[in-house]
Amino acid sequence: MAVNDRELMQTYDTLQVLSPEGKVLAEEASQLTAEMKRTLFEKMLSCREFDEKAMKLQRQGRIGTYASYKGQEASQVGSAMALEPMDWLFPTYRDHGAGWTHGQDWSRILLYWMGHPDGSITPDGLRIMPQAVPIATQLLHAVGTGWADKLDGKRHASIAYFGDGATSEGDFHEALNFAGVFQTPTVFFCQNNGYAISVPFSKQSASETIAQRAQAYDIKGVRIDGNDIFAVYLTVKEAVERARNGGGPTLIEAVTTRYGSHTTADDAKKYRDQEAVQASWAEKADPVERLRRHLLQEGLLTEEAEADMTEAVRKKVDEALETAESYPKPTRESMFEHVYESASWMAEEQREQRGSTR
Amino acid sequence: MTVMTYIEAVTLAMKEEMERDESVFVLGEDVGKRGGVFRATQGLYDQFGEGRVIDTPLAESAIAGVGIGAAMGGMRPVAEMQFADFIMPAVNQIISEAAKIRYRSNNDWHCPITIRAPYGGGVHGALYHSQSVEAVFAGTPGLKIVMPSSPADAKGLLKSAIRSNDPVLFFEHKRAYRLLKEEVPEGEHLVPIGEAAVVREGADVTIITYGLCVHQSKQAADELEKEGVSTEILDLRTVYPMDKEAIIRAASKTGKVLLVTEDNKEGSVIGEAAAIIAENCLFDLDAPIQRLAGPDCPSMPYSPPLEKAFMVTAEDIEAALRELAQF
């Protein structure tokens, strides 16, 4: 199905702009310059490099339990690249690829996974919220920031990231319903990676797609190939622009693959044929490989240029690790900070007690 | 100063804060044209319009969650839960999100939301329109829980709550709404959150309580006065975090302490006051700390005689005080 048919169709077929072989399927791709395509590729490479490095760091005990987003790079980079700097971004614990694309430092993201209290601090001037760990709570917040912007007369969009499991939560329904009634500038960006830890989407929901739920709230709903970075970027860009211009909310279902386990504390082999998933993924679904094929075919990338890019990206991740590992450790006293605007007597008293008894 | 009811004081606080600060807005069920089921938001819709007085869908998690988002986005939302009993779907938003956003972002973000809810029984509200829910939230660092006992305090504390840069749960006893009237200061009347108040000086026994029970406690103290027993009453006003120093002072003053709440006894917030006294006042006590509370039954019954039996009355307090005075 071509992108420009979407208004006419009431089915929720999966939109593709770039085929797994790297061929362009829709003329919208012409909006993307060669420079932009190379940037998208470089950002995906960087995300892949970071994720693989983080998995190793967890095995070495240098960071804590880690949630890999491998396989979801096109969804995360493509969506975040479609935002303006002042748009609100509500990530989950698996969306640090999107957070980094929008301006968060790799070193901060590493600090987060090291458990450092400074790991959730947003760079000045950006509105990247701390990663949501309870499921679907942040969808309502994204409606709220949208409402705040609307009351304030500001034209920004809010994008909330979530997975397929989150669509079973009450907050998902409440957020879409509220956004529909009040036409808030909210983009609900669902990465349907097929699994909520071990539970496949077929057991999560009887509806064939997540996008079709939009119909019930009378908001825009689109299903896209989440491994196709062109489809992701173009769809999210259209949705955030519509939001900014008073056109209301959009639900986007980006169909993708969680390549690995839920987190490093999970073992996907226990509930799915991990070897088969990974083999078929490498063949058809790897978003980095898909764009790479396209760039090579179009003569926009040489193997030499790619090698240089990989080396530069690796260097940046290594530097971020060095920054994070040399960052001052939190002090015992800092545990009691920022519970309230000013410390309560309980915090003062306990800070003193802890200091004297340990 | 004008004489006004408790609920008029609540309305006035919101009206004044909305006039003062454009970032203040109200959201909840039936708060718009209807002016709230108790009329707490009466007149606000006409004055401020539907953009700032928002009738939301019937979804408490959304009322809290959208409010939290707007608060992080620079607004000062005042969210109304129609009854405290119906706050339960919003507990995840309040405890996991509002209470923790400052801490987990290491002070990068904060959440200046006020969540108001009418609580308490004695109005034939039955199981689901009568509950006291403060103990569900007390013990959640990051939250503040305010439960004013008088119209003047309701106004002054609500204004402070709306201006607070931390999330505040503001529980109003629904029976107090029209029962209690007094002179309320106009304009800039702020009562600080976190400070208890001695509402009656006394020398023989001490009552520590909050909310509508302050009213019943005063009635009981008046009766005991006739028998020559002088009662000190400390109104906690903020039940979390509690005013530790004021509790220690009030308990030490008489050495005989009666803690009163309408909530179920076990696990109620007055247990925390008992712990503070036990930790700090052992040698000042002349009697064991006493608790007078609602029964440990799931909720207030609808049957009138059972409802009456559930409520803590002035007579119950009087009897408990007498016994304590004689110890």
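The values are calculated or read from the model by the stated rules, or taken from the named source; none is laboratory data. What you see is a predicted model; the values in this text were computed from it and never measured. Backbone-built Cβ (ideal geometry, glycine too); neighbour counts: all protein chains shown. Just so you know, the surface numbers come from the protein's heavy atoms only, side chains and all, with ligands and any DNA or RNA stripped out. Shrake-Rupley method; radii C 1.70, N 1.55, O 1.52, S 1.80 Å.
Quick one: is A:L296 open to solvent by 30 Å² or more (accessible area, probe 1.4 Å) and away from chain B (no Cβ under 14 Å)?
Numbers: open to solvent by 30 Å² or more (accessible area, probe 1.4 Å): yes; away from chain B (no Cβ under 14 Å): yes.
Spelling it out, A:L296 is indeed open to solvent by 30 Å² or more (accessible area, probe 1.4 Å) and away from chain B (no Cβ under 14 Å).
Of the residues A:P123, A:P117, which single one is more than 21 Å from A:T250 (Cβ to Cβ) and either open to solvent by less than 20 Å² (accessible area, probe 1.4 Å) or within 7 Å of chain B (Cβ to nearest Cβ) (or both)?
Numbers: A:P123 fails: either open to solvent by less than 20 Å² (accessible area, probe 1.4 Å) or within 7 Å of chain B (Cβ to nearest Cβ) (or both).
Criteria check complete, one pass: A:P117.
Just to be sure I understand the filter: pairs with C-beta atoms under 9 Å, separated by 6 or more residues or on different chains, first member in segment B:228-253 and within 11 Å of B:A273 (Cβ to Cβ) and more than 14 Å from chain A (Cβ to nearest Cβ), second member open to solvent by 30 Å² or more (accessible area, probe 1.4 Å) and assigned to a helix (DSSP H, G or I). Which pairs pass?
So the pair list comes out as B:L234/B:R249; B:A251/B:N280; B:A251/B:D284.
For A:S120, all conditions in the list (1) among the small types (G, A, S); (2) touching an Asp or Glu at 6+ places or on another chain (Cβ under 8 Å); (3) modelled with pLDDT of 95 or more hold save one; what is the number of the exception?
Unmet condition: (3).
Hey, among the residues in segment A:182-197 that are open to solvent by 50 Å² or more (accessible area, probe 1.4 Å) and not hydrophobic (A, V, I, L, M, F, W, C), which one's farthest from the chain's Cα centre (by Cα)?
A:Q183
Assuming A:Q353 fulfils every condition listed in (1) open to solvent by less than 90 Å² (accessible area, probe 1.4 Å); (2) within 14 Å of chain B (Cβ to nearest Cβ); (3) more than 24 Å from B:P167 (Cβ to Cβ); (4) in a helix (DSSP H, G or I) apart from one, which condition is it?
With respect to (1) open to solvent by less than 90 Å² (accessible area, probe 1.4 Å); (2) within 14 Å of chain B (Cβ to nearest Cβ); (3) more than 24 Å from B:P167 (Cβ to Cβ); (4) in a helix (DSSP H, G or I), A:Q353 is out only on (1).
Restricting attention to segment B:59-88, which residues are more than 7 Å from chain A (Cβ to nearest Cβ), in contact with a helix residue (DSSP H, G or I) (Cβ under 9 Å, 6 or more places away or on another chain) and not charged (D, E, K, R)?
Step one: of segment B:59-88, the residues more than 7 Å from chain A (Cβ to nearest Cβ) are B:60, B:63-64, B:71, B:76-88.
From what is left, the residues that are in contact with a helix residue (DSSP H, G or I) (Cβ under 9 Å, 6 or more places away or on another chain) are B:60, B:63-64, B:71, B:76-82, B:84, B:86-88.
B:I63, B:A64, B:A71, B:P77, B:V78, B:A79, B:M81, B:Q82, B:A84, B:F86, B:I87, B:M88, listed by residue number.
Specify which of the listed residues (A:E341, A:E253) is under 24 Å from the mean Cα position of the chain (by Cα) and outside any helix (DSSP H, G or I). Outline the logic, then answer.
Working: A:E341 fails: under 24 Å from the mean Cα position of the chain (by Cα).
Among A:E341, A:E253, only A:E253 is under 24 Å from the mean Cα position of the chain (by Cα) and outside any helix (DSSP H, G or I).
If you take just the helices (runs of 4 or more DSSP H) that sit entirely in segment A:69-132, which of them hold at least 3 residues that are farther than 23 Å from A:A231 by Cβ?
Counting at least 3 such residues, we get A:106-113.
In segment A:142-181, which residue that is of a type in the set (S, T, Y), surrounded by 24 or more Cβ atoms within 10 Å (Cβ to Cβ) and in a helix (DSSP H, G or I) is farthest from the other protein chains (Cβ to nearest Cβ)? Before the answer, list the steps.
Residues of segment A:142-181 of a type in the set (S, T, Y): A:145, A:158, A:161, A:167-168.
Filter once more, so that each one left must be surrounded by 24 or more Cβ atoms within 10 Å (Cβ to Cβ): A:145, A:158, A:161, A:167.
With the extra rule that they be in a helix (DSSP H, G or I), the set shrinks to A:145, A:167.
Details: A:T145: 4, A:T167: 15 Å.
Filtering first and then ranking leaves A:T167.
Is it the case that segment B:99-109 has a residue that's under 22 Å from the mean Cα position of the chain (by Cα) and open to solvent by less than 10 Å² (accessible area, probe 1.4 Å)? Can you show your working first?
Filtering segment B:99-109 down to residues under 22 Å from the mean Cα position of the chain (by Cα) leaves B:99-100.
When the remaining residues are screened for being open to solvent by less than 10 Å² (accessible area, probe 1.4 Å), the result is B:99.
Checked against the condition, which is being under 22 Å from the mean Cα position of the chain (by Cα) and open to solvent by less than 10 Å² (accessible area, probe 1.4 Å), segment B:99-109 yields at least one hit.
Of these, A:T264, A:T256, A:T310, which one is of a type outside the set (A, V, I, L, M, F, W, C), buried (at least 24 other Cβ atoms within 10 Å of the Cβ) and at pLDDT 95 or above?
Working: A:T264 fails: buried (at least 24 other Cβ atoms within 10 Å of the Cβ); A:T310 fails: buried (at least 24 other Cβ atoms within 10 Å of the Cβ).
Result of the check over A:T264, A:T256, A:T310: A:T256.
Residues checked against (1) touching a residue at least 12 places away in the same chain (Cβ under 8 Å); (2) open to solvent by 10 Å² or more (accessible area, probe 1.4 Å); (3) in a loop (DSSP other than H, G, I, E, B); (4) within 14 Å of A:E73 (Cβ to Cβ):
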{"residue": "A:L234", "(1), (2), (3), (4)": "yes, yes, no, no"}
{"residue": "A:A239", "(1), (2), (3), (4)": "yes, no, no, no"}
{"residue": "A:R272", "(1), (2), (3), (4)": "yes, yes, yes, no"}
{"residue": "A:L300", "(1), (2), (3), (4)": "yes, yes, yes, no"}
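Residues checked against (1) farther than 30 Å from B:D166 by Cα; (2) at the interface with chain B (Cβ under 9 Å from one of its Cβ atoms):
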| site | (1), (2) |
| --- | --- |
| A:R314 | yes, no |
| A:E319 | yes, no |
| A:E325 | yes, no |
| A:K329 | no, no |
| A:H338 | no, yes |
| A:W345 | no, yes |
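Could you please find all residues in segment B:110-144 being under 15 Å from A:L140 (Cβ atoms) and within 18 Å of the chain's Cα centre (by Cα)?
Restricting attention to segment B:110-144, the residues satisfying the condition of being under 15 Å from A:L140 (Cβ atoms) are B:111, B:113, B:115.
Correct list: B:I113, B:I115.
Only one residue in A:E27, A:E73 is assigned by TED's automatic domain parsing to the domain that holds A:E322, out of contact with any Phe, Trp or Tyr (no Cβ under 7 Å at 6 or more places or on another chain), in contact (Cβ under 8 Å) with a residue 12 or more places away in the chain and open to solvent by 30 Å² or more (accessible area, probe 1.4 Å). Which one?
Values: A:E73 fails: open to solvent by 30 Å² or more (accessible area, probe 1.4 Å).
After applying the criteria, what remains is A:E27.
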